[in-house]
1. Full-extension gain between residue B:55 and residue B:9, please, as 0.36 nm times their residue separation minus the C-alpha to C-alpha distance.
2. Along the three principal axes, how long is chain A when you take its alpha carbons, biggest first, rounded to the nearest angstrom?
3. Given a 10 angstrom Cα cut-off, can you work out which residue in B:234, B:107, B:70 is the most mobile in a GNM of chain B?
4. For chain B, list the DSSP H helices whose alpha carbon atoms reach 15 Å or more along the long axis and whose average Kyte-Doolittle value is 0.5 or above?
5. If each residue's Cβ is checked for other Cβ atoms within 10 Å, how do A:41, B:173 rank with the fewest at the top?
6. Rounded, prolate or oblate: pick one for region B:1-114, where a ≥ b ≥ c are the square roots of the eigenvalues of its C-alpha gyration tensor, a/c under 1.5 means rounded, and failing that, prolate if a/b is larger than b/c, else oblate.
7. Take each uninterrupted DSSP H stretch in chain A, measure its Cα extent along the helix axis, and return the ones at 30 Å or beyond whose mean Kyte-Doolittle hydropathy is at least 1.6.
8. Using all C-alpha to C-alpha distances in chain B, build P(r) with 5 Å bins and read off the rounded percent in each one.
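Values quoted throughout were computed directly from the atomic coordinates according to the rules given, and no laboratory measurement underlies them. Note that the coordinates shown come from a computational prediction; the quantities given were computed from them, not determined experimentally. We place every Cβ from the backbone using ideal geometry, glycine too, and count neighbours over all the protein chains shown.
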Amino acid sequence: MQRNTIMAIVIVAIAIVAIGLIAWQLARPVGGELTIAGSTTVLPITQECARLYMEEVCPCTRISVSGGGSGTGIQQVGEGLIDIGAASRDLRSSELGQWPDLQPVAIGKDSVAIIVHPSNPIDDLTLEQISQIFAGDITNWIDFGGDDAPINLITREEGSGTRGIFEEKVMEPFGKEIAGEALVKTSNGEVRATIATDENSMAYLSLGYVDETVKAISIGGVEANVENVLSEDYPIVRTLWLITKGTPNTLAQSFIDFVLSDEGQQVVEDLGYIKVKVE
Amino acid sequence: MRRIKEKIIEKILLFSATSSILIVFFIIAFMFAEGWSAINLDFIFGLIWHPKTNEFGILPIIVSTIIVGVGAVLIALVIGIPCAIFLAEFAPNWVRNIIKPSVEMLVGIPSIVLGFFGLMLIVPFIRDNLGGRGECILAGWIILSIMTLPHVISISEDAIRAVPNSYREASLTLGATKWQTVRNITLPNAKSGILASLILGMGNAVGETMAVYMVIGNPNIPWIPTSILDSVRVLTSTIVMEYGYMEWGSPHQHALFAIGVVLFILVAIINLMARYAIKRGMIGR
């Protein structure tokens, strides 16, 4: 008798769970899911656009956005694990060789600012001076009229898109490598937080992340701001990409279109990046 | 009917047991398969880690890992063992009821919180008072000793408590004071357990990732440290920093997996040493 009661309860419970699951499946919106991952530089853009997209264009979609870095984003979209990969550097030929059907779309431009602690008296250096500092050839602020204190360098990790553009535009033209003593931080946020707490430090940072806790110095008299990046007077600029594998599906295409729309481009601009011109 | 039920339950338990072994096995197999090709003498004894030029030498990283682990355990020893002795031998019950849960609460602090604490308080303190970058071996020692402390204390305390009471009573009846008894009777008998707690703590410290990553600096190209104020890289922090941007299938990826293999072997050796210490203690008694 008792055993029968227990059996009955168990069966009823299972039935309720099963019905619940089926109902949930049926009631779930038909919009589908979109996964985006990759560069932490592009992350704020995709996050904000995903929020707006779900709010305004199609509330029935679920868009999940995560970071991981440009390399991860490209690899995952290449393997078909995610729908859209985000990258803050151009595709490498090795990556195109491995996954030839990757399709990149430019969604904005980004620039890297050279930053120091706000109390630092230095506010202008040439590209060459910056390359000498980061190579470890000049190690004291006194050489630039600052205090007698060591220059504490911060860099991003190997493979980071931000490090990539910095090396390409600042270090390589002078044939230099980033010094071994530079401490590695793995995100723009970490770099900014470290500079903000260390008066003698210096780093490079995505322009979109510069705020009042750090000071961006000008290069050869050209200030690091959007106008100068657009006019290309400022020397360090790169393009941001959303990448799909082959022709994007309807949802992915619609999301990319949204990012390229006036509203999406406004997000790009509001976050401190630079709009792309859409033909 | 009953026998069938017994059999079924037995099979389910067997299945769970084998699946946990299988999971461990597959993880190890995968790691070795991905990393083995990168392990050679140049890898283990190379002095330069520079993925851009395909130079993968991890000797400075291995040395730093061991220095950071050993130092943290030594600090944990200086604080933890007296604490364990006090808890096991001297503390009245009500004191023990306060200290023990507090120590155990340390285990519950997520490593990222400890790392954040280290980055915001310990690192600036070292930078302002001792010089250097602040993010250094010393900061790693402090954070890791906090993390290993609860393990060291609780395992050592158990080891001390496991010494039979008759030993203590024999010593006390012979006129020895309580401290003499602890020093000459209890501690020598609990030695292997205490040693095991330290070795396990070391294993813990070597495998710890997030907290230590946040406070030890991680230089662009690591070197063998010459001062406790030097910034260093450890095995775990190198992996966690670089996996996000590695290219799949590149030598860099294999090198990172190889670091995982080295780390695994290092921790396995440490754990084997701890088992050996415990076993020897048991036979000795």
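1. Details: separation 46, 0.36 × 46 = 16.56 nm, distance 5.38 nm.
My answer for the length gained is 11.2 nm.
2. Cα extents, longest axis first: 90, 52, 36 Å.
3. B:107
4. Working: long enough: B:2-35 (50 Å, 1.12); B:59-85 (38 Å, 2.61); B:93-108 (23 Å, 0.29); B:137-161 (34 Å, 1.28); B:187-207 (29 Å, 0.95); B:251-284 (49 Å, 1.26).
Correct list, ordered by number: B:2-35, B:59-85, B:137-161, B:187-207, B:251-284.
5. Going from least to most buried by this count: B:173, A:41.
6. Because a/c hits 1.5 or more and a/b fails to exceed b/c, region B:1-114 counts as oblate.
7. Counting only whole DSSP H runs, the qualifying helices are A:2-27.
8. So the P(r) values, bin by bin, are 1, 5, 10, 12, 13, 13, 12, 10, 8, 6, 4, 2, 1, 0, 0, 0.
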